[in-house]
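For reference, the structure discussed in these notes is given below.
The values are calculated or read from the model by the stated rules, or taken from the named source; none is laboratory data. Please read these numbers as outputs of a predicted model, since none were measured by experiment. Here the Cβ is made from the backbone with ideal geometry for all residues, glycine too, and neighbour counts use every protein chain on show. Ligands, DNA and RNA are stripped out before the accessible areas are found, and what is left, the full protein with its side chains, is counted by its heavy atoms. Shrake-Rupley method; radii C 1.70, N 1.55, O 1.52, S 1.80 Å.
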Amino acid sequence: MKYTFAVFCLSFLLPSTLLAQWVQTSGPEGGNITHIVTTPSAIVVHASGAGIYRSTDHGVSWTLTDPSQPGVFSMLAIGDTIFEGRLDSIYCSTDAGLTWFPRSNGLPGDRHESIESIILSEGNLFATFNLNTDFPAPIPIYRSTDRGMHWDSISAIPQAFNGAFGSTSVLADVSGNLLTASDSSIFRSTDHGLSWLWSGNGIPVGILGIAGFAVKGDTVAAAGLYQTGLLLSTDGGVNWHREITGTLLDSGVAGCFWNGNELLAGSADGGIFRLSNGAWTKVDSTPYVHAFVRSGSGTLVAGSSSDGIIRSTDNGSSWLLSNDNLYADNINDLETIGTDIFAAAGNGLFQSDDEGLSWQRVLRSSISGSAVAFGGISLLATDGVHAL
């Protein structure tokens with residue numbers, strides 16, 4: 001499961017024998033690492049300004065497989081098949097990132113806008129554009145029933161404000177139904193995207209920005225930007241409740257994650273909050289925590305867009321910075337692969353084989369850039385294993 005996190009541990013706490021185990025690998029020069037996906041046979045990452053890199057030996061060595069594409073805004077892995085959302089187009093690899101080819105038949109191709117969300121639901125693929133308009137415009141929803149060979153514009157949802165303000169590219173699967181968000185409300189589809197029902201009961205009136213959904217059965221948490229705060233639904237997205245958690249509400253929510261039956265939410269500048277047994281508690285003060293992962297042994301690791309990595313070994317009750325050998329403050333994405341954790345950062349790709357305690361850079365960045373993972377905010381999922 002994927003989340004964003006940040007952890008710091010003082011280097012003198014690490015034994016010298018552990019530090020001596022790190023060796024610079026043969027990772028090539030790359031750019032700002034924005035996305036990580038894993039397949040049964042490879043690790044695939046996107047470096048802005050450079051292209052797609054691939055490793056088949058657990059991050060020891062890397063190959064640039066697609067240098068022609070500097071801009072990727074979303075990635076979805078289904079077995080060894082990978083889909084990536086680019087500007088006006090979708091590309092696909094069926095060999096774990098080795099070769100790439102377009103799968104954009106049916107997409108408009110001339111919007112000059114990024115495809116920032118691609119999901120799988122009930123065997124169908126769905127994709128949305130990130131609209132940047134100076135006037136309200138419907139948000140088109142595209143669907144493919146043949147693994148991306150053809151796409152159809154099946155429906156659209158309304159937005160009330162300037163598209164630059166709203167979260168126009170969020171999609172989620174909830175027990176076979178779909179959720180999406182415009183700048184003014186949340187919408188739900190029970191017929192595979194053919195039609196959308198307004199699902200705004202309990203949602204505050206005004207500009208609504210949803211960074212992403214965290215799904216656990218029929219319970220859905222929506223991370224709201226601006227002053228939207230955290231929205232919670234216990235009936236699959238039909239009705240919503242605005243959670244009141246002080247600074248978590250006031251500054252907006254960067255990301256949220258289900259840790260078993262407990263919900264973790266990172267506020268824009270108010271730290272991490274935890275919902276347990278119906279009550280919210282502030283458990284950390286690190287700002288802009290938007291991605292979380294949980295290791296096989298239960299260690300939680302989170303990534304911040306300002307403070308690097310934090311880590312919890314007590315199920316999220318307390319957190320420590322864990323940035324040893326992590327020469328980055330801005331974490332774009334996190335992924336667990338076996339016993340290892342990979343962190344995509346603004347200056348390269350980092351790997352930890354001790355559950356986030358220490359890090360080694362395996363793919364170096366030579367091009368500076370800002371975080372653009374999933375439109376600037378990580379979109380959270382329940383688990384990453386799907387089958388077509």
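Points worth noting:
- Apportionment of accessible area to carbon and sulfur, the range 209-291, percent (1.4 Å): 50
- Rounded if a/c under 1.5, otherwise prolate or oblate - the range 170-222, Cα gyration tensor axes: oblate
- J(HN,Hα) series, the range 348-363, from Karplus relation 6.51 cos²θ - 1.76 cosθ + 1.60, nearest Hz, glycine and proline x: x, 9, 10, 10, 10, 10, 10, 6, x, 6, 9, 9, 9, 7, 10, 9
- Sum of side-chain charges, PHE83 neighbourhood, beta-carbon under 10 Å (Lys, Arg +1; Asp, Glu -1): +1
- The range 55-111: C-alpha gyration tensor shape, a/c 1.5 cut-off, then a/b vs b/c: prolate
- Charge sum, other residues only, whose C-beta stays under 11 Å from LEU300's C-beta, Lys/Arg counted +1 and Asp/Glu -1: -1
- The modelled label-to-label distance for the pair ASN201/HIS150, using points 7 Å beyond Cα in the direction of Cβ, is 3.8 nm.
- Average accessible surface for the range 242-355: 33 Å² per residue, computed with a 1.4 Å probe over protein heavy atoms with every protein chain in place.
- Cα gyration tensor shape for the range 250-316, rounded if a/c is under 1.5, else prolate or oblate: oblate
- Net charge, LEU178 excluded, C-beta distance under 14 Å - Lys, Arg +1, Asp, Glu -1: -2
- Exposure rank, largest accessible area first [TYR327, TYR288, TYR142, TYR91; 1.4 Å]: TYR327, TYR288, TYR91, TYR142
- Sequence-distant residues sharing a close amide H with ALA50 (under 5 Å, placed H): GLY31
- Take every pair of alpha-carbon atoms less than 8 Å apart whose residues are at least six positions apart; their mean separation over the length of the range 208-327 yields a relative contact order of 14 percent.
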